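Enquirer: If you scroll down you'll find the structure; I have some questions about it.
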Amino acid sequence: MYPHAALILTAILKADFEFNILDANVENLTEDQCISFLKDFSPDIVLISALSVEYYQQYHLAGFLAKKVLPCCITVMGGVYPTVLSREILKDINIDYIFIRHAEERLTEFLNMILRKDEKLQNFPGIGFRDKSGNVIINPIKTYISDIKSQVKPDYSMIDINTYSNLQYNSKDYQYNTKVQMASIITSYGCPYNCIFCATRTINGRKIVFRPAEDVIEEIELLIKQYGIKTLLFVDDCLLADKKRIYSILQTFIDRNYQLTWKALTVCAWHLDNELLELMKKSGCTQITISVESGSTRVLKDIIRKPLNLDIIPGIVNKCKELEIDIGANFVIGFPGETWEDLRETFKFAETCNFDLAHFHIATPLPDTDLYKVAKEKNLLPEDFSFTDPNYFGFGRGFIKTDEFTTFELMVLRSFEWDRINFSNEEKTKKIARMMNLTMEELNLHRKNTRANCGIHF
Ligand code: B12
C-alpha cells in the first residue's frame, strides 16, 4: 500500500525542509542498505512513521539504526502506534520524541523548535519525551483531525508509484491484488460509530472528516493522468457516510469517462441501497467488503454496539450478485459475553447469506479500546499479556478467554468454518480462486495450510 502518512507529511514539509523518504519495506532493503541511505543523506532529524502496532519491531529497529549511524540525530516517532502506546515507546532510548495524533497543523512548528533547540518545546501539545532525569513526559492534546480547518492533499512527488503497484500485482489478498496499476486512496478520516473493538475513535475522535469531492477528484485525476492509475482501492474508515459527496465523486467518474475500476476495503452496510449500488457499479466498482461482525443481534447491540440491522444484508448480497460486484464480509468471533449459541448464529448467518468470501477474525484487544478495557477488567486476558508479544500479531490467535470458549476452540472454529462456508461448492471455490489470484492447486494448498495452522499465516 502507499505510505499515506508519508505522502501527507511530504505535502506539509516540502515548503520548509530538505528531506528524503525511505520505505525499506516496499524497496525490500537490508539493514545495511538502510544504513547507507542514512549515512549518505545524514539528516538532523529522523521521522519514523508508525501505523499498526503490529510492526512495532520494525519501528524500533528504524530508531536503533538511525542512532547507530547518526548518534547526534533527533528521532521522532509519529502515527497510530505512538498515539496509542506513547509511554511504552519512550522506554526505548533510541526514540527522542513521540508525536501524538495528526500532524497537519503542528509538525512544521515542532520541527523548527527542535532545530532551534527551543526550550518551549517542553510544553508543545501532543508530544512525549524524556526529561533530563529520564522521566517520561507526555503532553496531552485536545484536538483531533476533525478539528483542523483544511485538509492537506497527499503529495506523491517523492515516491516511485511503480514500486508500490508492482507489489500489488502478485498479492493473494483479494482486496489488494490487481492486474493493472492500482492506487490506494483515503478520502475521509475517522468514523462516528462506537464499535467496542475499534481503535479509530482513539486516534481520530468520534467525528468523521470528509475531504471535499473536488479535492478527491483532483487527486484521482493526477493519479490517472500523471501516474497511469487504472484502478483504485478506497481505504477509508467510512467511505459512504456522506451520500451527497460520494454521489458527486462517483458521478464525476462517469461524466468524465475515467474508465477506472475501483474496490472499497470495507463499507458500512447501512450506507448502501440499491440506487447507490447501481451508481457504484456504473462508476466502475468491482468489489466491496462489508463488516457484519456478528450474526447475532444480541452481540451486535449489547456487546459490540454496532448499529447494524442484519435484515438488510441478504438484499445487499443479492443486489451485488445481480450487478456482478464481488462481495466479501468480515466477521469477528470471541467477544466477552458472547455465547456458544451466538457463535453458531454467526456461522449460520455467514453461510446463508452466500457472500463471495466470508472472513472470520478473532476479537483482538487493541490498545486504548473499550474491548481491551472490558477484557482487562473482567480478567479475561493471559497474565503475561502484552501488545508487543509477537504471538499477538496476525490477528489469528485468540487472547480473550471466557467461560464459554477457549482461545484454541476459536482458532479451530475460525479456520474450519472458513473452509466449510467459503468452499462449499465448485462454483464458489472457482470464484474465490479468481478473486485471490490463485490457481485451483494453489488455492487448495492455501486451504490445507490454513486448516493445518488454524488460520495463522504469519
Ligand atoms: C489505511 C489503513 C490500512 C492499510 C495500510 C496502508 C499503508 N499505507 O500501509 C491496510 C489496509 C494495509 C491496513 C492493514 C492493517 N491495519 Co490498518 N488502517 C488503515 C486506516 C484505515 C487508515 C490509516 C491511514 O493511512 N491514515 C491516513 C494517514 C495520513 O494518517 P496516519 O497514518 O494516522 O498519519 C497521520 C498522523 O498519525 C501523523 N503521523 C503519521 N506518521 C507520522 C510520523 C511522524 C514522525 C509524525 C510527526 C507524525 C506522523 O501524521 C499523519 C497526518 O496527520 C487506519 C484507521 C485510521 N483511521 O487511522 C487503520 C488502522 C491503522 N489499521 C489497524 C489495523 C489493526 C490493521 C491490521 C493489523 C489489520 C489486520 N487485521 O490485518 C493490518 C496491519 C497490516 C498487516 N499486517 O498487513 C488499526 C491499528 C490499531 C492499532 N492500535 O494498531 C487501525 C487504527 C484501524 C482500527 N480501526 O482499529 N490498514
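The values are calculated or read from the model by the stated rules, or taken from the named source; none is laboratory data. Computed from a predicted structure; not experimentally measured. Counting neighbours? That spans all protein chains shown, and the Cβs are built from the backbone with ideal geometry, glycine included. These accessible areas exclude ligands, DNA and RNA; they are computed on the full protein's heavy atoms, side chains included. Shrake-Rupley method; radii C 1.70, N 1.55, O 1.52, S 1.80 Å.
Enquirer: Considering all alpha-carbon pairs of segment 240-286, what whole percent are spaced by more than 16 angstrom?
Expert: The calculated P(r) of segment 240-286 puts 32 percent of pairs beyond 16 Å.
Enquirer: Using a Debye calculation, one point per C-alpha and no hydration shell, please list log10 I(q)/I(0) for segment 121-161 at q = 0.27, 0.32 Å⁻¹ in order.
Expert: Log-scaled intensity ratios, in q order: -0.91, -1.08.
Enquirer: Taking the Cα atoms of segment 328-392, report the difference between the largest and smallest coordinate on each principal axis, in whole Å and largest first.
Expert: Cα spread of segment 328-392 along its principal axes, largest to smallest: 39, 24, 18 Å.
Enquirer: Taking Rh as the Kirkwood radius computed over C-alpha pairs, what is the Stokes-Einstein D of segment 388-458 at 10 °C in a medium of viscosity 1.306 mPa s, expressed in µm² per second?
Expert: Estimated via Stokes-Einstein, D reaches 119 µm²/s.
Enquirer: If you don't mind, another one. What number do you get for segment 57-171 when its Cα radius of gyration is normalised by 2.2 N^0.38 Å, N = residues?
Expert: 1.21
Enquirer: Here's something else I'd like to know. Can you find, among 249, 216, 235, the residue farthest towards the positive end of the dipole of segment 214-258? Put +1 on the C-beta of Lys and Arg, -1 on that of Asp and Glu.
Expert: 249
Enquirer: Another question, then. What dipole magnitude, in Debye to the nearest 20, does segment 241-372 give about its Cα centre under +1 on Lys/Arg Cβ and -1 on Asp/Glu Cβ?
Expert: Approximately 400 debye in magnitude.
Enquirer: Now for a different question. Throw me the Rg/Rh for segment 229-374, computed over C-alpha atoms with Kirkwood Rh, two decimals.
Expert: Values: Rg = 16.4 Å, Rh = 16.3 Å.
The Rg/Rh ratio comes out at 1.01.
Enquirer: For residue 243, what charge total do you get from the other residues with a beta carbon under 13 Å from its beta carbon, if Lys and Arg give +1 and Asp and Glu give -1?
Expert: -1
Enquirer: At 222 nm, what helix-only mean residue ellipticity would the chain give, in deg cm²/dmol to the nearest 500, using -39500 (n - 2.57) for each DSSP H run of four or more?
Expert: -11500 deg cm²/dmol
Enquirer: Report the far tail of the P(r) of segment 142-190, meaning the percent of Cα-Cα pairs longer than 18 Å.
Expert: Percentage above 18 Å: 50.
Enquirer: Also: Does anyone have the angle between helix 107-116 and the longest principal axis of the chain? Alpha-carbon axes, 0 to 90°, nearest 10?
Expert: Helix 107-116 sits at roughly 30 degrees to that axis.
Enquirer: Around residue 87, under 13 Å between beta carbons, what's the net of Lys plus Arg minus Asp minus Glu among the other residues?
Expert: Summing Lys and Arg as +1 and Asp and Glu as -1 gives -1.
Enquirer: Where q = 0.13 Å⁻¹, what log10 of I(q)/I(0) comes from the Debye formula for the chain, counting one point per Cα?
Expert: -1.38
Enquirer: Considering the options 191, 139, 83, tell which one lies farthest towards the positive end of the dipole of the chain, charges being +1 on Lys and Arg and -1 on Asp and Glu at the Cβ, about the Cα centre.
Expert: The one lying farthest along the dipole's positive direction is 191.
Enquirer: Based on the alpha-carbon set only, what is the convex hull volume of segment 196-306 divided per residue, in Å³?
Expert: Cα-based convex hull of segment 196-306, divided per residue, equals 115 Å³.
Enquirer: Over every pair of different alpha-carbon atoms in segment 141-240, take the mean of 1/r and invert it; report that Kirkwood radius in Å.
Expert: Hydrodynamic radius (Kirkwood, Cα pairs) of segment 141-240 is 15.2 Å.
Enquirer: Moving on to the next point. Determine which lysines satisfy two conditions relative to residue 117: a Cα distance under 26 Å, and not lying fewer than 8 residues away in the same chain.
Expert: The qualifying lysines are 14, 39, 67, 68, 91, 132, 142.
Enquirer: May I pose another question? What ranking of 297, 163, 429 comes out by heavy-atom accessible area, probe 1.4 Å, highest first?
Expert: Numbers: 297 85, 163 40, 429 10 Å².
The ordering from most to least exposed comes out as 297, 163, 429.
Enquirer: Using label points projected 7 Å from each Cα along Cα→Cβ, tell me how many nm separate residue 18 and residue 171, to one decimal.
Expert: 3.6 nm
Enquirer: Efficiency by 1/(1 + (r/R0)^6): what FRET value for residue 351 and residue 278, r their Cβ-Cβ distance, R0 = 30 Å, to the nearest 0.05?
Expert: 0.65
Enquirer: Related question: What do you get for the angle between helix 426-436 and the principal long axis of the chain? Use alpha-carbon atoms, 0 to 90 degrees, nearest ten.
Expert: With rounding to tens, the tilt is 10 degrees.
Enquirer: Now a separate question. With every protein chain left in place, what is the accessible area of residue 56 in Å² (1.4 Å probe, nearest 10)?
Expert: For residue 56, solvent-accessible area is about 40 Å².
Enquirer: So what's the angle, to the nearest 10 degrees on a 0 to 90 scale, between helix 440-452 and the longest Cα principal axis of the chain?
Expert: The helix 440-452 is inclined about 80 degrees to the chain.
Enquirer: Looking only at Cα atoms, what is the convex hull volume of segment 59-118 per residue, in Å³?
Expert: Dividing the Cα hull volume of segment 59-118 by its residue count gives 84 Å³.
Enquirer: Only Lys, Arg, Asp and Glu count, each charged at its Cβ (+1, +1, -1, -1), so figure out the dipole size of the chain about its Cα centre, rounded to 20 debye.
Expert: 300 debye
Enquirer: Now, a different point. What is the pair-distance distribution P(r) of segment 394-433, computed from all Cα-Cα distances in 10 Å bins starting at 0, with each bin given as a whole percent?
Expert: 27, 38, 25, 11
Enquirer: Below 10 angstrom from the Cβ of residue 193, what's the summed charge of the other residues (Lys, Arg +1; Asp, Glu -1)?
Expert: Cβ neighbours under 10 Å give a net charge of +3.
Enquirer: Which value, in Å², gives the accessible area per residue of segment 318-421 when a 1.4 Å probe is used on the protein heavy atoms?
Expert: Ligands and nucleic acids excluded, the figure is 45 Å² per residue.
Enquirer: In segment 30-55, whose amide N lies under 18 Å from the spot 7 Å out along Cα-to-Cβ of residue 68? List them in ranges.
Expert: The answer is 30-43, 46-48.
Enquirer: First compute the accessible area of the chain with a 1.4 Å probe, then give the percent of it belonging to carbon and sulfur atoms.
Expert: 51 percent
Enquirer: Whole percent per 10 Å bin, from 0 to the bin with the longest distance: what is P(r) over all C-alpha pairs of segment 340-458?
Expert: 12, 39, 31, 15, 2
Enquirer: Given a 1.4 Å probe and the protein chains all in place, what does the accessible area of residue 420 round to, in Å² to the nearest 10?
Expert: Around 100 Å² of this residue is reachable by solvent.
Enquirer: For segment 1-120, which semi-axes, largest first and in whole Å, follow from the square roots of 5 times the eigenvalues of its Cα gyration tensor?
Expert: Details: eigenvalues 75, 58, 51 Å².
Equivalent ellipsoid of segment 1-120: 19, 17, 16 Å, largest first.
Enquirer: Still on this structure, please answer the following. When you take every Cα atom in segment 103-193, what is the radius of gyration, and what is Dmax, the widest Cα pair distance, in Å?
Expert: According to the Cα coordinates of segment 103-193, Rg and Dmax are 19.3, 55 Å.
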